[in-house]
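The values are calculated or read from the model by the stated rules, or taken from the named source; none is laboratory data. These figures come from a predicted structure and were not determined experimentally. Cβ sites come from the backbone with ideal geometry, for glycine too, and all protein chains shown count toward neighbours. Ligands, DNA and RNA are excluded from the accessible area calculation, which covers all protein heavy atoms including side chains. Shrake-Rupley method; radii C 1.70, N 1.55, O 1.52, S 1.80 Å.
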Amino acid sequence: MGSDRSCRPALLNCLLICVTLWSNLSSGVFAKSYRSPNIVLILTDDLDIAIGGLSPLNKTKKLIGDAGISFSNAYVASPLCCPSRASILTGKYPHNHHVINNTLEGNCSSKAWQKSEEAHTFPALLKASAGYQTFFAGKYLNQYGHSEAGGVEHVPPGWNYWVALEKNSKYYNYTLSVNGKAQKHGADYSKDYLTDVLANMSLDFLQYKSSYQPFFMMVSTPAPHSPWTAAPQYQGSFNNTKAPRDPNFNVHGKDKHWLIRQAKTPMSNSSVQFLDDAFRKRWRTLLSVDDLVEKIVKRLEFRGELDNTYIFFTSDNGYHTGQFSLPLDKRQLYEFDIRVPLMVRGPNIKPNQTSQMLVANVDLGPTILDIAGLNVNKTQMDGMSFLPVMEGKMNSSSWRTDILVEYEGEGSNVSDPACPLLGPGVSECFPDCVCEDSYNNTYACVRTVAPSANLQYCEFDDNQVFVEVYNVTADPYQLTNIADTIGQDFLEKMNHRLMMLQSCSGQSCRTPGVYDP
């Protein structure tokens, strides 16, 4: 037995030399010509773009944005973690994947989701149909690991390497599912800080993966989601930073849905101090994300793989801190909650580009499948590939002009004892009885970006069928709801388009909008 063990390193070295020789020979002729590109998707949690979320991410902007293309009109299908992440994975709008909120009852990582959607996600297709080796690390879906949905032993189809956070974002004292086995972490920065753990596991994957298959890597950070725990070296950063005092900061949303009108204006000093403090903490957590991006890009470069790798950087939803006097959250229909960063670098993407063309998170799956050479039209996905946009093969007159945003509000069945005047039906309430959600905060919007129009049309599913309309060109902070002053003809056209999008599936979600030529 001893002699057998001692010759293993020599045998392994011999195998590695043979493999290296073969890969060096093949890389010159075959790899550059025929090798499918590698793909990396870095997904942050609650990272806005409208209120300065990219400001701390200087290395990320340089290494991905400046090296490729930045989309200034990138939107989510729903401004909430689990429905949005389900849209990213499936390429479908929420009315088609049926994940409506962050609860198990709302279909978040439920048994029903696992049976109906999980086998058809784009990573599953990459692995099964395009020969990709796949790696996931980080936050998956908010209820992942729930005992009623298979626990951490459940590894979704489509992943060769699986390192998923149990439930929602944390930075310390969490459990990971490592290929279906629980790995518990404590509160030691050097071993347990989750953003750094994800970075290190990503580097390990790059080191030990097969060199004969293209890879897809999805890294899903906890930052900048609460509890906003920064790494020790960054806890003193941004001490003088405050939430931006944009025109919609701490003002009354007088012509908006009742939930927005119930916010107290002006906010108390303590509320403003609280949200400024949260704003700083969010930015501090992002410095570790910036380090993670740098490590991954540098490792790809060191390995000679960067030039054949697409790297996507985005978020599951936006965020607000004080807009329309709402303290902190993301569930609203406004730009600050539904618009997200999206930067991509990769082969055939020229550097230093900015695109105004309208893209949504339902397009990420189709785009990644397109990069891998798969036909998106053979899937059930609602989104479309924006690879032609990135490669400069698509002009704005032939690109889509609208997308759907939908959200299903949540509320408690009983009144909050601290806020009895509000009655039942509200949720996400702050100590001063300002609530961020309610049952009838259920809405659907057509977001239009066309050469001749930059508009948002929204309808609430409430007793009033309340309507909000914004001309985002003239009113970028969405201060004035023009639903009562715009023509009836416009309202009827947009209502018709909204109903069509709310019932669309697959190809029918990509039909021409009101402002298409």
Single condition residue 254 does not satisfy, out of (1) touching a helix residue (DSSP H, G or I) at 6+ places or on another chain (Cβ under 8 Å); (2) at pLDDT 95 or above; (3) open to solvent by 30 Å² or more (accessible area, probe 1.4 Å): (2)
When residues of the range 109-129 are limited to those that are closer than 17 Å to residue 210 by Cβ and touching a strand residue (DSSP E or B) at 6+ places or on another chain (Cβ under 9 Å), the one surrounded by the fewest Cβ atoms within 10 Å (Cβ to Cβ): 127
Single residue of 478, 507, 502 found to be at pLDDT 95 or above, out of contact with any strand residue (DSSP E or B) (no Cβ under 8 Å at 6 or more places or on another chain) and not acidic (Asp, Glu): 507
Criterion (closer than 18 Å to residue 74 by Cα, modelled with pLDDT under 95 and either open to solvent by 20 Å² or more (accessible area, probe 1.4 Å) or not acidic (Asp, Glu) (or both)) met by exactly one of 397, 385: 397
In the range 321-362, residue nearest to residue 382 (Cα to Cα) [restricted to those that are touching a helix residue (DSSP H, G or I) at 6+ places or on another chain (Cβ under 8 Å) and among the hydroxyl-bearing types (Ser, Thr, Tyr)]: 355
Enumeration of residues in the range 186-220 that are among the aromatic types (Phe, Trp, Tyr) and open to solvent by less than 70 Å² (accessible area, probe 1.4 Å): 189, 193, 205, 215, 216
Segments classed as strands (runs of 3 or more DSSP E), wholly inside the range 95-200, with at least 1 members that are of a type in the set (Gly, Ala, Ser) and at positive phi: 133-139
From the options 318, 322, residue that is of a type outside the set (Val, Ile, Thr), surrounded by 23 or more Cβ atoms within 10 Å (Cβ to Cβ) and more than 24 Å from residue 363 (Cβ to Cβ): 322
Selection status of residue 302, over 23 Å from the mean Cα position of the chain (by Cα), of a type in the set (Phe, Trp, Tyr), open to solvent by 50 Å² or more (accessible area, probe 1.4 Å) and modelled with pLDDT of 95 or more: yes
Residue list for the range 471-490, restricted to those being open to solvent by 80 Å² or more (accessible area, probe 1.4 Å), farther than 22 Å from residue 246 by Cβ and not in a helix (DSSP H, G or I): 484, 485
Residue 427 vs. criteria in a strand (DSSP E or B) and either among the small types (Gly, Ala, Ser) or at pLDDT below 95 (or both): yes
Residue count, the range 226-246 (criterion: loosely packed, with under 11 Cβ neighbours inside 10 Å and within 12 Å of residue 171 (Cβ to Cβ)): 1
